[in-house]
């Protein structure tokens, strides 16, 4: 395996986003966590109370097997990109959608995918596109949550993965 890259994706509750991307060929690892908030190493309770963090998934991938553009297009497939701070039954700032990069060289690709996706909607897409400011892994019970709890709540339609 060659050098891996990472991208941070937010699409509402991180349980479904984590499980969805863990199934994408070329994804090496996923980690649920909290990104771009005001405090260091927040707890789930602090995030729910308004720390400003977003529930987010660190996606480590092999660019020789899956492109960044494909990963971001997959995110667009499982969210409503025109819905602000709400996905499925979850609402609040921690459930906003976003793509957070760590490599400036990824920005042209990300902007191109966003422009391509915007063409599909009459309303503006409201997904944040910005550099990752910080990321803290969520508590262990949030990691691989749907693998541990197959009947757990999830707004993500896994049937969209193969199409």
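Net length available on complete extension from residue 40 to residue 107 is 21.5 nm, with 0.36 nm assigned per residue and the Cα-Cα distance removed.
Simple spin-label estimate for residue 123 and residue 140 gives 4.1 nm between the two label positions (7 Å along the Cα-to-Cβ direction from each Cα). Highest-first packing order for the peptide set 51-62, 32-43 is 51-62, 32-43, based on the mean count of other beta carbon atoms within 10 Å.
Could you tell me the relative contact order of the chain? Use alpha-carbon pairs under 8 Å, at least six residues apart, and round to a whole percent.
34
Across every pair of different alpha-carbon atoms, what Kirkwood hydrodynamic radius in Å does the stretch 81-123 reach?
Value: 12.0 Å, from the Cα pair sum.
Ordering 146-154, 133-141 by mean Cβ neighbour count within 10 Å, with the highest value first, yields 133-141, 146-154. Annotation: the antiparallel percentage among DSSP beta bridges lying fully within the stretch 15-163 is about 75.
One way to sum up the overall shape of the chain is the equivalent ellipsoid from its Cα gyration tensor, whose semi-axes run 21, 18, 17 Å, largest first. Across all directions, the average projected area of the convex hull around the alpha carbons of the stretch 83-163 is 7.3 nm².
Helix content alone sets the calculated 222 nm mean residue ellipticity of the chain: runs of n ≥ 4 DSSP H residues at -39500 (n - 2.57) each, divided across all residues, give -7000 deg cm²/dmol.
Which order do peptides 115-128, 7-20, 87-100 fall in by mean Cβ count within 10 Å, highest first? Before the final figure, lay out the partial values.
Values: 115-128: 12.8, 7-20: 25.6, 87-100: 19.6.
Per-residue mean Cβ counts within 10 Å order the peptides as 7-20, 87-100, 115-128.
Distance between the 7 Å Cα→Cβ label points at residue 131 and residue 29: 2.4 nm. One Cα centroid belongs to the stretch 26-68, the other to the stretch 86-118; the line between them spans 12 Å.
Where a number appears in this text, it was derived from the coordinates with a stated rule and is not lab data. Model, not experiment: these values are computed from the prediction. Every residue, glycine as well, gets a Cβ built from its backbone with ideal geometry; the counts of neighbours run over all protein chains shown.
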